[in-house]
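Beneath this line is the structure, given in structure tokens, with notes to follow.
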């Protein structure tokens, strides 16, 4: 009995801590994780887009079809003091496929850091500070959402704890992108949804302040990322479905008032969406920048989307070094994760059954489960019917990520609720006490997962320029030219990744770069352009082609037949020219 009593005290001790002290503790943990190794991973093309556009610079200033120096290639990453916010908006509408709000905020953030003397030179670590800071804000944000949704501070604390260590949350917070900013407004919009549904089901009028706040939140969300519309569509479906389920209890007048106010929310949000729609369609959405999400029409197209979604859901809770170069570590990590989820899934299902029998938890459970199901359904509908495979982009799951964390917070809080009936569980009190340990197991696995991300053994970047530069520096024996085919700003970002690594290493900084503009009419034009430039160089030369689309035929150049390692994001060949 003494052993059981000590065990019970240890399990319950954490949640006897002062509510605000405990929340601050989660925020501190989350802050440390989000700012650790912030600049360790090389930036990839989307992050370069954030850097360049936030500075008010233009990728089009990088010359094409001519040799350029490292400094010229990286010129768009320099401070630009002659930039206005209107310049940033114009650049984004012309060259990118994202609304400008985050880029404007990031521009102001960088200017503030520069004014305070904190920043002198722009690097990827500086550009990732704002997403990391916004990621930290999601911890108290999810606490508020869960506390109000479940009317339980304990549920809020557990959600905050899970958000603090979520590997997926760490991954997004360490990307120089706008996803953590969008997550804050997903949280706010979900909170408005919860309040609205609760008022409707309690036969209360949806207040005008909620109409105004919800419309404003949705409008800002759409101004951060267009895929925020998936959140909104799912909320509308959830709201209509759950409102109808209680329609018989309400008077006709009350029904009309609430439907009218919900209609105002939809109209207010749609106006913002219409503005962006009219702004981007005439410009040509994204200038082919979203072509990568078009799936390949083969059997893998029909099979892969559900597995790709599963690969997003797992790291929301935990992740181990499955991307390690060591096969034994990968196998061991996969086995541990498998055992963990064999434990987790039945545990979650059991607690959900309990929660659905509890009046305090039933409605928010239904709301979050229904909402998440609708968003995932939209992903699959767009993937299979529109043939745009959104499941390939893990980051797009920001649209429902907060709902998953809030739902888990509510599920894991159930064992602490005194008023929950355990009639269907034919077990002893000691096992019921063990149910509480589920939170600790999940939190520790989340912490291990976040560390996995920080040491680059999980959620590795799509491009690995540091690996290419390592091979390049150890191989080059003459002056070298790195060549690629240019189709959009993506290829400039690929070259910038290499250039930034060369500048950081302070080796071979005299390397030249060549971006050959793709000629869709003449398939061999890229090679002809490259041949002309190479012939004008009299000294011994090495040509390294990177993601070059044309077949290579260079006079007086020998192809290096050595087998080089595969590098993510960079398909390369070496030619030695005399």
- line: Residue hits (region 195-224; more than 18 Å from residue 270 (Cα to Cα) and in contact (Cβ under 8 Å) with a residue 60 or more places away in the chain) are 196, 197, 198, 201
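Please work out which residue is nearest to the chain's Cα centre (by Cα), limiting yourself to region 99-146 and to residues that are in a loop (DSSP other than H, G, I, E, B), in contact (Cβ under 8 Å) with a residue 60 or more places away in the chain and within 22 Å of residue 500 (Cβ to Cβ). Even if it seems obvious, please write down each step before you answer.
So the first thing to find is which residues in region 99-146 are in a loop (DSSP other than H, G, I, E, B), and the list is 99-100, 116-123, 128.
Then keep just the ones that are in contact (Cβ under 8 Å) with a residue 60 or more places away in the chain; that gives 99-100, 122-123, 128.
Adding the requirement that they be within 22 Å of residue 500 (Cβ to Cβ) leaves 122-123, 128.
Values: 122: 22, 123: 20, 128: 13 Å.
Residue satisfying both the conditions and the ranking: 128.
List the helices (runs of 4 or more DSSP H) that sit entirely inside region 153-225 and contain at least 1 residues that are under 24 Å from residue 459 (Cα atoms) and modelled with pLDDT of 95 or more.
Values: elements: 153-165, 167-173, 179-201, 208-224.
Where helices (runs of 4 or more DSSP H) fall fully within region 153-225 and carry at least 1 residues being under 24 Å from residue 459 (Cα atoms) and modelled with pLDDT of 95 or more, they are 153-165, 167-173, 179-201.
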message: So in region 544-578, with the set limited to residues that are in contact with a strand residue (DSSP E or B) (Cβ under 8 Å, 6 or more places away or on another chain) and on the phi > 0 side of the Ramachandran plot, which one is surrounded by the fewest Cβ atoms within 10 Å (Cβ to Cβ)?
response: 556
- line: Taking region 462-481 and keeping only residues that are over 30 Å from the mean Cα position of the chain (by Cα) and crowded, with 23+ Cβ neighbours inside 10 Å, one is left with 472
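Where residues in region 394-420 are touching a helix residue (DSSP H, G or I) at 6+ places or on another chain (Cβ under 8 Å) and modelled with pLDDT under 75, which of them is surrounded by the fewest Cβ atoms within 10 Å (Cβ to Cβ)?
Among those residues, the one meeting the criterion is 419.
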query: In region 477-496, what residues are modelled with pLDDT of 90 or more and part of a loop (DSSP other than H, G, I, E, B)?
result: none
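Table: residues versus (1) surrounded by fewer than 19 Cβ atoms within 10 Å (Cβ to Cβ); (2) within 30 Å of residue 542 (Cβ to Cβ).
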site	(1), (2)
67	yes, yes
72	yes, yes
78	yes, yes
85	yes, no
90	yes, no
97	yes, no
102	no, no
106	no, no
message: residue 526 - would you say it is part of a helix (DSSP H, G or I) and either modelled with pLDDT under 90 or surrounded by 23 or more Cβ atoms within 10 Å (Cβ to Cβ) (or both)?
response: yes
task: Could you tell me whether residue 518 is under 34 Å from the mean Cα position of the chain (by Cα) and over 16 Å from residue 463 (Cβ atoms)?
output: yes
field: Positions within region 529-540 being touching a residue at least 24 places away in the same chain (Cβ under 8 Å) and loosely packed, with under 12 Cβ neighbours inside 10 Å, in sequence order
entry: 539, 540
- request: Could you check residue 441 against (1) over 23 Å from residue 45 (Cα atoms); (2) within 31 Å of the chain's Cα centre (by Cα); (3) not in a helix (DSSP H, G or I) and say which number it fails?
  value: (3)
Flag if residue 355 is within 30 Å of residue 224 (Cβ to Cβ) and surrounded by 14 or more Cβ atoms within 10 Å (Cβ to Cβ): no
query: Among the residues of region 68-84, is any within 30 Å of residue 458 (Cα to Cα), assigned to a helix (DSSP H, G or I) and within 19 Å of the chain's Cα centre (by Cα)?
result: no
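Just one of 183, 197 is within 30 Å of residue 446 (Cβ to Cβ), crowded, with 20+ Cβ neighbours inside 10 Å and within 14 Å of the chain's Cα centre (by Cα); which is it?
Values: 197 fails: within 14 Å of the chain's Cα centre (by Cα).
Just a single option satisfies the conditions, and that option is 183.
If we scan region 3-23, do we find a residue that is at pLDDT 95 or above, out of contact with any helix residue (DSSP H, G or I) (no Cβ under 8 Å at 6 or more places or on another chain) and under 19 Å from residue 165 (Cβ atoms)?
So in region 3-23, the residues at pLDDT 95 or above come out as 23.
Within this subset, residues satisfying the condition of being out of contact with any helix residue (DSSP H, G or I) (no Cβ under 8 Å at 6 or more places or on another chain) are none.
No, region 3-23 has no match at all.
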field: Failed criterion for residue 56 (all others in (1) in contact with a strand residue (DSSP E or B) (Cβ under 8 Å, 6 or more places away or on another chain); (2) surrounded by 17 or more Cβ atoms within 10 Å (Cβ to Cβ) hold)
entry: (1)
- prompt: Going through region 379-393 one residue at a time, which ones are in contact (Cβ under 8 Å) with a residue 40 or more places away in the chain and surrounded by fewer than 20 Cβ atoms within 10 Å (Cβ to Cβ)?
  reply: 380, 384, 387, 388, 392, 393
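The values are calculated or read from the model by the stated rules, or taken from the named source; none is laboratory data. Computed from a predicted model, the values in this text were never measured in an experiment. Cβ: placed from backbone, ideal geometry, glycine included. Neighbour counts: every protein chain shown.
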